[in-house]
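The values are calculated or read from the model by the stated rules, or taken from the named source; none is laboratory data. Because the structure is predicted, anything quoted here is derived from the model rather than measured. For neighbour counting, all protein chains shown are included, and Cβ atoms are generated from backbone atoms with ideal geometry for every residue, glycine included. Just the protein is used for accessible areas: all its heavy atoms, side chains included, with ligands, DNA and RNA removed. Shrake-Rupley method; radii C 1.70, N 1.55, O 1.52, S 1.80 Å.
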Amino acid sequence: MPLSEVAGSDGRPMRVSIPLPEGRLHAAVWLLKVGRIPLYLLDANVQENSADLRAVTSKLYGGDRRTRLRQELLLGIGGHQMLARLGIDPSVCHMNEGHAAFLALARVAHLMKSRNLNMDEALEVTFRAGVFTTHTPVPAGNEAFPIDLIKPHLDVIERELGLPADSVLSLGQPPNGEGNPHELSMTVLGLRSAQFSNGVSELHGRVARRMWQHLWPERADDEVPIRHVTNGVHVASWLSGDMAAMFDRYLGDEWRMHPSDKRATGNIAHIPDEELWRTHELGRSRLVRYARELLEKQLRARNSQRAEIAQAKSVLDHDVLTIGFARRFATYKRAILLLRDPERFEAMLCNEDRPVQILFAGKAHPADHEGKEFIKRLVDFSQRPNIRRHVVFLENYDIAIARHLVQGVDIWLNTPRRPHEASGTSGMKAAVNGGINVSVLDGWWCEGYSSDCGWAIGAGEEYDDAEYQDGVESQALYNILENEAIPAFYDRETGDVPLRWLSMMKASIRMGLGFFTSHRMVEEYDAEFYGPAQSAFTQLTAEDSKVARQFVAQRTRLAKLWPGVRCSMPVTDHEMTGLHVGDRFTVRSIVTLGELLPSEVDVEVYYGLVNSENKIVSSQVDRMEMVKDRGNGEFVYTREVECAKTGRYGFTARV
C-alpha cells in the first residue's frame, strides 16, 4: 500500500499527544498517498499508550462513550497538532460533521499563541475562516456528550491550551434551555465555530435550518445561516471502463475534466442506442458473474451443502431486469419495504414473461440490532425455493461490490423515510452508468428527479405515522415496478433494444454528469465557502490582526448599546386594501439608535406571504434608507415596496 509512517524533524517516528485526566494519549502519524493528495492518519496503537488507550483508534465510532469522546478529541486537537508539526498552517479549516468540532478549540489556542490574540479575537478569526458541513437530518445522529463525562477532559485541556472549560461548554450548548442542558452538542459546537455552514442537498439544507433554528431564535427558518452544497460523486472512480471508452468516443475530450460541460452532456443524445445498450449489457453480465462468485464463496465459508453451492453458479440471469439496493442498513432506509407484500413481490420476481431479479448488499452498525434483523429477513426471504435465482444478498459490502452494482444494475432502488436522507450518492453513481433511479423524493433525488430520467415513489409527502407511510409507499413502489418500469424495460416492439428505456438511460446519464459530480461540488465549495473564508482570514490577520481586534471591539460595543435600540411599527403612505400587482407603496419607520450611528446598523423592511396565523412563510428583505435625523439618536427610515405577486402579505421593520 502507498502507506508510510511519518517521521519528525529528528528522523524518529512522529508522535502527537493530547492531555487526558489520567495522563496523555499518544498517536503515530501515517501518510497515505491518494493519487497526488496526502491523507494523514492518526494511530493510537503505539507503545507509549496503555492497553485501553491503544484501542482508541481500533474501532469505527468507538466502543463506549468515553472512547468515542477520546476519538474526537484526538481527531480535532491531535489532528491540528499534527498539521503544526508538519509545518502546515491552513487559512481555512473545513469540519466535516460534528465529529471534528474540537478542531476549532485547537485552532483558537494556536491563534492565541502564534498571533498573540486573546480568546475572543482568536474565536473571531476561527469563526470567519471556518467551514462546517452537517450530514445528518436525524436528531439521534448528532453526537453529544454528558457534561460529567466531558468536563474533566476540558479541565485538563484548559490547563494545557488556556481555553476556559466553561467557555467551551457554552459554545456547545443551545441557548435559553433548548436541548439538553446537561450535555455538549458537537453539532452546536461546529455551527458556533464556522461562519460557513451547510447541509448536503437542497432539502437537507431546509431540514437543517429547521432543526437548528433555535440557535438563532430571532430569525425565521429561511434566514438561519445554514446553506447547502449538494454532494457529488467522482465519476472516474465509479464509471465502468466500457462506458468511459464510449464517452471518449462521443462526448468529446473534455468530459473527464469537465463532466458538466454542456457540449459533453449535449452529445449524450448522439450515442447510438444499440451501442449504449450493448455496453450496459456488458456491465450487467459482469455483475451477474461477480455475484455468483461471491455467493459461492459465502456458501463455502458457511460449509453449505454441495448442491447449494452448485446452485450458486446459476443464480441470476444476464438478460433479466436487475434491481440494486446497497447501503448502510439503517432502519430509516427501509431495505425491507419490498417485503411488505411478499406474495406480490414474489409474483413480480417470478413472472415467466417479464422476470425481475434484485441484489441487496450492505452492513448494519454493530449496535443497530433492528438493522441486523432487516438483513436476516432479507436473507431468509432469498432462501425461498421459487426465488433463489432471483434474490441475492451479498455479504461484506465494500467498494468493489458497490462498483460492480452501480455499473451493472438497470434500476437503483432507494426507499428512505423522507426527510431522513441527507443526500445519498449511490444513486448518482448508478445514474452516470446509465442506471435508472426509483426513489423516494428525499436527499439528492429531489433535485435530480424528472419523469424522463427515473421514477419517484410518492410526491414528497411527509408522514407522522411511520407504519402508515410504509404501507402507502410500498404500494406505490409495487405499482411503479409493475405498471411502468418493468414494461418499459421489456417493451421492444421495434427491435431487440428497449427504446423508451434507452431514452431514460440517456436522460439519467445527462442528469448525473450535468450536476451530481464532485467537480461541480468542489467548485461550489470553493466559490461559496473556501474563497470567501480565505479572503476573511487574510483580512483579519493582516497588520498584526488589526481587523480581528476591531471586530471584537465593535462586537463588545454593540452588545453594550443594543438594548437601547428601538424600532417603531412601520406605517405606509397607501391604503393597504385593494392593492394590485405592480402597485408601489412606501414603508416608514422611526428608529432609535441611542449612541450607535446609522453607519453601524442595517434597517430593513421584512415582508412576505403569510399563512392563516399571520406568520410570514416566505420572507423577503429590502434595506431601508435613512432620510431624516430627528436628533437625540432618532432617525426616520423609508423604503418603497412593489407588489410583485398576488397573495396575502405581512410586513414589519427591523434593525
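Scan segment 93-125 for residues that are surrounded by fewer than 24 Cβ atoms within 10 Å (Cβ to Cβ) and under 26 Å from residue 206 (Cα atoms) and the total you get is 6.
Of everything listed in (1) closer than 26 Å to residue 548 by Cβ; (2) modelled with pLDDT of 95 or more, the single unmet condition for residue 87 is (2). Cβ-Cβ distances below 7 Å connect the following pairs, each with a first residue in segment 252-265 that is open to solvent by less than 20 Å² (accessible area, probe 1.4 Å), a second residue that is among the small types (Gly, Ala, Ser), and a separation of six or more residues or different chains: 255/264; 264/252; 265/514. Of the residues that sit in segment 230-239 and are open to solvent by less than 10 Å² (accessible area, probe 1.4 Å) and closer than 12 Å to residue 431 by Cα, which one is nearest to the chain's Cα centre (by Cα)? Selected residue: 233. For segment 308-329, filtering for residues that are over 34 Å from the mean Cα position of the chain (by Cα) and farther than 15 Å from residue 281 by Cα leaves 8.
Residue-by-condition table, conditions (1) surrounded by fewer than 15 Cβ atoms within 10 Å (Cβ to Cβ); (2) of a type in the set (Lys, Arg):
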residue: 340; (1), (2): no, yes
residue: 354; (1), (2): yes, yes
residue: 362; (1), (2): no, no
residue: 371; (1), (2): no, no
residue: 376; (1), (2): yes, yes
residue: 380; (1), (2): yes, no
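Consider segment 362-376 and keep the residues that are touching a residue at least 24 places away in the same chain (Cβ under 8 Å) and of a type in the set (Asp, Glu). The one that is farthest from residue 415 (Cα to Cα) is 368.
Return the pairs, sorted by first residue and then second, in which the second residue is in a loop (DSSP other than H, G, I, E, B) and open to solvent by 20 Å² or more (accessible area, probe 1.4 Å), the first residue lies in segment 313-338 and is closer than 22 Å to residue 292 by Cβ, the beta carbons are less than 6 Å apart, and the residues are 6+ apart or on different chains. Filtered contacts from segment 313-338: 315/389; 320/355.
Exactly one residue out of 180, 142 is among the polar types (S, T, N, Q), within 30 Å of residue 365 (Cα to Cα) and open to solvent by 40 Å² or more (accessible area, probe 1.4 Å): that is 180. Cβ-Cβ distance below 8 Å, separation of 6 or more or different chains: which pairs start in segment 345-359 with a residue that is without any contact (Cβ under 8 Å) to a residue 60 or more places away in the chain and end on one that is among the aromatic types (Phe, Trp, Tyr) and buried (at least 21 other Cβ atoms within 10 Å of the Cβ)? Every condition considered, the pairs that remain are 358/325.
Residues that are free of Cβ contacts under 8 Å to residues at least 24 places away in the same chain, in contact with a strand residue (DSSP E or B) (Cβ under 8 Å, 6 or more places away or on another chain) and open to solvent by less than 10 Å² (accessible area, probe 1.4 Å): does segment 203-211 have at least one? For segment 203-211, residues free of Cβ contacts under 8 Å to residues at least 24 places away in the same chain, in contact with a strand residue (DSSP E or B) (Cβ under 8 Å, 6 or more places away or on another chain) and open to solvent by less than 10 Å² (accessible area, probe 1.4 Å): present.
Of all residues in segment 26-54, those satisfying the criterion of being at pLDDT below 95 and aliphatic (A, V, I, L, M) are 34, 37, 51. On inspection, residue 268 does not qualify as at pLDDT 95 or above and either in contact with a Cys (Cβ under 9 Å, 6 or more places away or on another chain) or not in a helix (DSSP H, G or I) (or both). Against the conditions (1) open to solvent by 50 Å² or more (accessible area, probe 1.4 Å); (2) in contact with a helix residue (DSSP H, G or I) (Cβ under 8 Å, 6 or more places away or on another chain); (3) under 22 Å from residue 237 (Cβ atoms); (4) basic (Lys, Arg), residue 300 satisfies every one except (3).
Taking the conditions (1) part of a loop (DSSP other than H, G, I, E, B); (2) open to solvent by 50 Å² or more (accessible area, probe 1.4 Å); (3) under 27 Å from residue 471 (Cβ atoms) in turn, residue 347 satisfies each one other than (1).
When residue 487 is tested against (1) of a type outside the set (Phe, Trp, Tyr); (2) within 30 Å of residue 228 (Cβ to Cβ); (3) open to solvent by less than 70 Å² (accessible area, probe 1.4 Å), only condition (2) is not met.
Of the residues screened, residue 248 is one that is under 32 Å from the mean Cα position of the chain (by Cα) and open to solvent by 10 Å² or more (accessible area, probe 1.4 Å). If you go through segment 120-143 and keep only what is farther than 28 Å from residue 522 by Cβ, modelled with pLDDT under 95 and in contact with a helix residue (DSSP H, G or I) (Cβ under 8 Å, 6 or more places away or on another chain), you end up with just 139. Among the residues of segment 563-596, those identified as open to solvent by 80 Å² or more (accessible area, probe 1.4 Å), within 30 Å of residue 120 (Cα to Cα) and in contact (Cβ under 8 Å) with a residue 24 or more places away in the chain are 566, 595. Condition test on residue 157, is it more than 26 Å from the chain's Cα centre (by Cα) and open to solvent by less than 20 Å² (accessible area, probe 1.4 Å)? Spelling it out, residue 157 is indeed more than 26 Å from the chain's Cα centre (by Cα) and open to solvent by less than 20 Å² (accessible area, probe 1.4 Å). Scan segment 606-627 and tell me whether some residue there is over 29 Å from residue 210 (Cβ atoms) and touching a Pro at 6+ places or on another chain (Cβ under 6 Å). Yes. Of all residues in segment 425-455, exactly one satisfies the criterion of being under 17 Å from the mean Cα position of the chain (by Cα), within 19 Å of residue 470 (Cβ to Cβ) and open to solvent by 10 Å² or more (accessible area, probe 1.4 Å), namely 441. Taking only segment 597-614 into account, find how many residues are surrounded by 11 or more Cβ atoms within 10 Å (Cβ to Cβ) and without any contact (Cβ under 8 Å) to a residue 40 or more places away in the chain. Qualifying residue count, segment 597-614: 2.
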